[in-house]
């Protein structure tokens, strides 16, 4: 059977069904999936894109969705906007309108949430601008067996881009996305090869900037001396002391801080906060971190291979959110961010793909603090059998 152009070029979007599936997700996000239909999608291999025509009930074309064939991401700069689609559906003439004044910050209506499944899918059902802070540590790329689900590094970055893009949509105006991340070491397959260290934080930085975030800070998390010896780096040099063999032992990780691009200054979120009592109660005490170097002991548990310490989560949540805000972790692991959020009187939204880690949350959530089982939205998973939460 003759291969299609998409198959020959190894496109991620291989056929019309793939293109329609991606387009349906987009229309659902903009609340137009019930009133718009698809024409025949076509691949434009000159520009490596799929064009998916959008038609009304009379089969008249009113716009199109453009999809990058190599990443399966929708090109929002070339896709017809929601406003234009709505006007064409209603038969209104497109004319310039005065810019609307931005609404004041509102209290998010989300309740505490724990969801089992692919973060990309769960984020697609999360309302626009309903999250006040995102703090997470992404899964490693092939660093451990548990995280070897990616074809290659580009595939990994493409998946992370999709999630970061969805996070941008659900994050409220001018709020922060903080990510704990570090380079990873790929061990050599045989003695004739060298191990490789991938500068993951710098690739993530490019994605954040391209997806509509401003870079704010690079915080250095410093672990106790000797913490990095577990990687094996530096042992050869320590034994032989030969030049060229020197490799620094890693005892730091990055905590990178990004802000969703906004025409409003940070003061806007403070001045217009809807709850003045919560605003006052959220003020930071004198013992705050005064530099970008944070000395925090790492955490270890048999329940997860890469858990970060609750102290790190608490500092981030305290510095970048208010009491009663909603904090999202799209790679929640065993729920450290949720536990930290409860301890600081914030709400949490935790998404995790591994059922084992969700079960751990179910079994330990009674230890997180004063939260009611009835106040938790459980997605694709069951709550504790008994009322074990206060």
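What follows is calculated from the coordinates using simple rules that are stated; it is not laboratory data. It should be emphasised that the depicted structure is a prediction, and the values quoted were computed from it without experimental measurement. Cβ coordinates were reconstructed from backbone atoms using ideal geometry, including for glycine residues, and neighbour counts include every protein chain displayed.
So how much slack lies between residue 284 and residue 222, counting 0.36 nm per residue of separation and subtracting their Cα-Cα distance, in nm?
So the extension gain works out to 20.1 nm.
Say we join alpha carbon atoms closer than 10 Å with springs in a Gaussian network model of the chain; which of 238, 299, 313 then has the biggest fluctuation?
Maximum fluctuation in the GNM of the chain, among the listed residues, is at 238.
Compute the length gained on full extension between residue 87 and residue 20: take 0.36 nm times their separation in residues and subtract their Cα-Cα distance, giving the result in nm to one decimal.
Fully extending the segment from residue 87 to residue 20 adds 21.9 nm.
In a Gaussian network model over the chain where Cα atoms closer than 10 Å are linked, find which of 355, 223, 78 has the largest mean-square fluctuation.
The residue with the greatest mean-square fluctuation here is 78.
Could you tell me which of rounded, prolate or oblate describes the stretch 289-377, using a ≥ b ≥ c as the square roots of the eigenvalues of the alpha-carbon gyration tensor, with rounded for a/c under 1.5 and, failing that, prolate when a/b is larger than b/c and oblate otherwise?
oblate
List the relative contact order of the stretch 5-90 as a percent without decimals, with contacts defined as Cα pairs under 8 Å and 6+ residues apart.
Reported relative contact order: 24 percent.
Given only helices, namely DSSP H runs of n ≥ 4 each adding -39500 (n - 2.57), what is the per-residue ellipticity at 222 nm of the chain, to the nearest 500 deg cm²/dmol?
-8000 deg cm²/dmol
With springs connecting C-alpha atoms under 10 Å apart, model the chain as a Gaussian network and identify which of 68, 83, 18 has the largest mean-square fluctuation.
Fluctuation is largest for 83.
Would you mind putting 120-130, 177-187 in packing order, based on average other-beta-carbon counts within 10 Å, highest first?
Answer by packing, highest mean first, reads 177-187, 120-130.
What fraction, in whole percent, of alpha-carbon pairs in the stretch 5-90 exceed 23 Å separation?
18 percent
FRET efficiency for residue 76 and residue 367, Cβ-Cβ distance as r, R0 = 56 Å, nearest 0.05?
According to the calculation, E is roughly 0.85.
Calculate, in nm to one decimal, what residue 195 and residue 154 gain on full extension: separation in residues at 0.36 nm each, minus their alpha carbon distance.
12.9 nm
Relative contact order of the chain, please, whole-number percent, based on alpha carbon pairs below 8 angstrom and at least 6 residues apart.
16 percent
Rounded if a/c is under 1.5, else prolate if a/b is larger than b/c, else oblate: which is the chain, with a ≥ b ≥ c the root eigenvalues of its Cα gyration tensor?
oblate
What is the fewest-to-most order of 301, 136, 80 by other Cβ atoms lying within 10 Å of their Cβ?
Final ranking by Cβ density, sparse to dense: 301, 80, 136.
So if we plug the beta-carbon distance of residue 48 and residue 359 into 1/(1 + (r/R0)^6) with R0 = 41 Å, what FRET efficiency do we get, rounded to 0.05?
0.45
Within the stretch 44-61, find all residues whose amide N lies under 18 Å from a label point positioned 7 Å from the Cα of residue 7 along Cα-to-beta-carbon.
44-45
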